[in-house]
Amino acid sequence: MRKVVDASSCHVVPVPNTASKGYDLDLSQAANATTIAAVGKRLGLPNHAVTIALATALLESRLHNLDYGDRDSLGLFQQRPSQGWGTPAQILSPRHAATAFFEQLARVPGWQTLPVTVAAQRVQRSALPNGYAQHEGEARALASALTGEVPAGMACRLSVPRTPPPAPLASAVAAELGSPSLAVPVSPARGWTVALWLVGHSSEFRVTSVQFSGMRWTPSDAQWVADASATSRVIVQTGAVGSAG
């Protein structure tokens, strides 16, 4: 895959055999995108749901967790407390916002076969009903990487902070990805969702290495490289608190 060359940035590879291109994200966008994908898969939803959610968040916030918006809109999906999406604090939790979006999507009749922009509009009821279509290519590339359809589909370059993380890694993994996730055999699709969540949250949780399925990522290499010791177990190392997994 292409090596990340800019400081503190991430790159998502193109989807093979399509006209899609690669996409660049900042660390905040990568963290939010991996949370959206993790929540969708934890809820047992198909990859199409992840694409719909990512396209929605790309239009509404460019994958930034905004504390402002039109009227009382907030967060990744610009959800409104006055419309029953939750309290402001809940909406500003990416995990809550993603869960609320997916739960509403699941109530849309036939959403599984609807085009991305149509399904997104049925949830959001936006003033730009066709706006989500412009982000479908990027959303598909992101979803393909974050659901394991494209192995090793995202990598980031960053300087890992030396200070302790704000919260335990294991509890965050359990909350967003479900258990078990680390150091146990998992399917390739599941493993890459977990591994790329760790990469996307590497700054927050001081992740210095992730290994899975014959590949290893480190923030200094800024790409996935071959590693014969990497197995079907996701193994993560952290700089501040040692290994977790």
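Miscellaneous remarks
- Scaled against 2.2 N^0.38 Å for its residue count N, the alpha carbon radius of gyration of segment 65-202 is 1.18.
- Using the Cβ of LEU146 as centre and a radius below 14 Å, the other residues enclosed give a net charge of +1, where K and R count +1 and D and E count -1.
- Measuring nothing but alpha carbons in segment 79-121 and taking Rh as the Kirkwood radius, the Rg to Rh ratio lands at 1.03.
- Rounded to whole Å, sorted largest first: equivalent-ellipsoid semi-axes of segment 19-69, Cα gyration tensor: 18, 15, 11
- Size of electric dipole in segment 23-147: Cβ of Lys, Arg +1 and of Asp, Glu -1, about Cα centre, debye, nearest 20: 400 debye
- Sparsely packed loop sites in segment 151-245 (the trypsin sites (Lys or Arg not before Pro) outside DSSP H, G, I, E and B with at most 16 other Cβ atoms within 10 Å) comprise ARG162.
- Dipole magnitude for segment 1-79: computed about the Cα centre from +1 point charges on Lys and Arg Cβ and -1 point charges on Asp and Glu Cβ, it is near 400 debye.
- The chain: Cα Rg divided by the 2.2 N^0.38 Å rule of thumb: 0.96
- Per residue, the accessible area of the chain comes to 42 Å², computed with a 1.4 Å probe over protein heavy atoms only.
- Given charges at beta-carbon only (K, R positive; D, E negative), |dipole| of the chain in Debye: 300 debye
- The chain: calculated mean residue ellipticity at 222 nm from DSSP helix runs of at least 4, using -39500 (n - 2.57): -11500 deg cm²/dmol
- Angle in degrees between helix 27-42 and the longest Cα principal axis of the chain, rounded to the nearest 10: 80 degrees
- When the Cα convex hull of segment 35-135 is projected onto planes of every orientation, the mean area is 5.5 nm².
The values are calculated or read from the model by the stated rules, or taken from the named source; none is laboratory data. A quick note: this is a predicted structure, and the numbers were derived from the prediction, not measured. Cβ: placed from backbone, ideal geometry, glycine included. Neighbour counts: every protein chain shown. Just the protein is used for accessible areas: all its heavy atoms, side chains included, with ligands, DNA and RNA removed. Shrake-Rupley method; radii C 1.70, N 1.55, O 1.52, S 1.80 Å.
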